[in-house]
Amino acid sequence: MSESPRSRLRVRPRHVVRWVAVVVVLILVATIVYAVYNYQHFVNGVTHIDAIPAASSSSSSSKGENILLVGDDHRPANASAEELAQLGTTADGGGTNTDSMLILHIPDGGGKATLISLPRDSWVDIPGHGMGKLNAAFAYGSDSGGDAGGAQLLVKTVQNLTSLHIDHFVRISMIGFYDVAKALGPLKVCLVSAVNDSYSTFVAPAGVSTLNAQQALAFVRQRHGLPNGDIDREARQRYFLSAEAKNFLTASTLLNPGKLNSALTAVSGAIQTDKGLNWLSLAAQLKNIAGGNLNSSTIPITGTPTIYYNGSAVSIVQVDTAKMPAFVASSIRRPSRRRPRRPAA
């Protein structure tokens, strides 16, 4: 007797469920392997240095991690004229002055992060060197101690200035910045006024513009012609971090193996950091940064005077040290959790 249609229907779902389970397992395994491979590929490309001083003079009571993010003006060795043109710079060798400095504060429990800008011309006490511009600290330290010595002296200087303990250090060079911007693709900006700056080579009309890697680098380097100079440039740098984090987390990057590999290679090959940095913890903040769920501010200042130091006129950013403790406390303060009121008896 032939099999009835009803009996055939009772057999088929079992085969379907079995194959669906196999496919789901294979997808999960492939996803895990893909994630582990990309993570190891990224970590193996990072350059590690002893950036954090063994002893800290900071008296910070903040909870969470503070990561010092810096960018310098270093050009690649033996760069061709074409490469320098892409960077919008000249063959003057650049330097190790850290012209971009920000503190990323990540609170315990994964709360809202805070990004604090440190103006490069901040007039501060650099241990062992007296008063000077903040961006010179790394260069002073690297003269005798290489990149590790430069990082440690900058960390000490920032800790003394803010009383925040710096837990980790991340540094990116000009060429590294360019490579990252190139790997992640175009960046959209909206300008109030047209720009034609010969110093940074940034040229753009008023309104919305889509920038390639060269233009993006020029955009964050420009300070001449901006109403507040370096302070406005810092705002651009914070915007760039947020925009590129969002760019990285798009499906067009994460689900494109070639683009993701290029982006991870560019980022890991562009940075120096201390050995103890937890990349998974930092990566967890990318979503918040990309979504704009981030507090951002600049340390308090009293003005940008020109002073005379050792017989020369020097334009500086005068830090308001009196307001610094309150500023730091308010910047990293976690929102209070109010207990629900009991209903009246």
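Quick note: the coordinates plus some simple rules give every number you see, no bench work behind them. Worth saying up front: this structure is predicted, and the values here are computed from it rather than measured. Positions of Cβ are backbone-derived with ideal geometry, glycine not excepted, and every protein chain shown enters the neighbour counts.
In table form, for the structure just shown:
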quantity: Two-site FRET efficiency, A322 against Q40, from Cβ-Cβ distance with R₀ of 41 Å, rounded to 0.05; calculated: 0.30
quantity: Inverse of mean 1/r across different Cα pairs in the stretch 46-332, Kirkwood, Å; calculated: 19.6 Å
quantity: Listed residues A181, L118, Q159: farthest to the positive end of the dipole of the stretch 102-181 (Cβ charges); calculated: L118
quantity: Those lysines that a straight Cα-Cα span of less than 26 Å connects to K188, excepting residues fewer than 8 apart in one chain; calculated: K112, K246, K259, K287
quantity: Cα-projected label distance for H129 with T47, points at 7 Å along beta-carbon direction, nm; calculated: 1.9 nm
quantity: Counted charge near L69, where neighbours are those whose Cβ lies closer than 15 Å (Asp, Glu -1; Lys, Arg +1); calculated: -2
quantity: Charge dipole (debye, nearest 20) of the stretch 46-332; +1 at Cβ of Lys and Arg, -1 at Cβ of Asp and Glu; calculated: 700 debye
quantity: Amide H contacts under 5 Å for L191, placed H, 5+ residues apart; calculated: G207, V208, S209
quantity: Environment charge of G229, counting only residues whose C-beta is closer than 15 Å and scoring Lys/Arg +1, Asp/Glu -1; calculated: 0
